[in-house]
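Worksheet: one structure, shown below.
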Amino acid sequence: MAANNRVGPKRLVVGAHYGLRDWLAQRVTAVVMAVYTLILLCWFFAAHDFSYDGWASIFAIQWMKLATLVALLSLFYHAWVGIRDIWMDYVKPVGLRLLLQALTILWLVACAGYAAQILWRV
C-alpha cells in the first residue's frame, strides 16, 4: 500500500508550475498600480485647474507619460495572469481554452497599443 501513494522522489508531478511566479507578478503589478494611483491622487488634489487643459497638462510631462504607460502595462499583465488562471481552471476543452487565451492576448495587446497611442497624442 505504501508503494502506491506516489510520495517521494517518484511521485507524479503535473501542472504548468506557474504558482510562485504568477503570485509574485500579481503582487508586483498591484504595488506598481497602487503607487501610480497615489501619485495621480496627489497630483489631482494639488491641482487648481479642473478642466481638460489642466488634466492634459498632467500627461504632457514626459515622466508622467512613462509612469502612466508602466502602470497600464502592469494593469494589462495583472489582467492577463488573472484571466489566464480563470481559463486554465474553468475551461476544460484544450482547444477552446487556447482560443480564449489567444483572444485575451490579442485584446490586451490592442488595449496596450491604444493606450500608448492616446498617451503620446497629448
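The values are calculated or read from the model by the stated rules, or taken from the named source; none is laboratory data. Bear in mind that the values here come from a model prediction, so they are computed numbers and not experimental data. Don't worry about glycine lacking a Cβ; one is built from the backbone with ideal geometry, like all the others, and counts go over all protein chains shown.
When you scan segment 72-91, do you find a residue that is of a type outside the set (Phe, Trp, Tyr), surrounded by fewer than 16 Cβ atoms within 10 Å (Cβ to Cβ) and not in a helix (DSSP H, G or I), even just one? The answer is yes; a qualifying residue exists.
Restricting to segment 106-122, name every residue that is of a type outside the set (Val, Ile, Thr) and either in contact with a strand residue (DSSP E or B) (Cβ under 9 Å, 6 or more places away or on another chain) or without any contact (Cβ under 8 Å) to a residue 12 or more places away in the chain (or both).
The initial filter retains those residues of segment 106-122 that are of a type outside the set (Val, Ile, Thr), namely 106-108, 110-117, 119-121.
Of everything in segment 106-122, those that are of a type outside the set (Val, Ile, Thr) and either in contact with a strand residue (DSSP E or B) (Cβ under 9 Å, 6 or more places away or on another chain) or without any contact (Cβ under 8 Å) to a residue 12 or more places away in the chain (or both) turn out to be LEU106, TRP107, ALA110, GLY113, TYR114, GLN117, ARG121.
In segment 13-51, the residue that is farthest from the chain's Cα centre (by Cα) out of those that are of a type in the set (Phe, Trp, Tyr) and at pLDDT 85 or above is PHE45. Please list, ordered by first then second residue, the pairs with beta carbon atoms under 8 Å, 6 or more apart or interchain, first in segment 83-100 and without any contact (Cβ under 8 Å) to a residue 12 or more places away in the chain, second among the β-branched types (Val, Ile, Thr). Cβ pairs passing all conditions: ARG97/VAL91.
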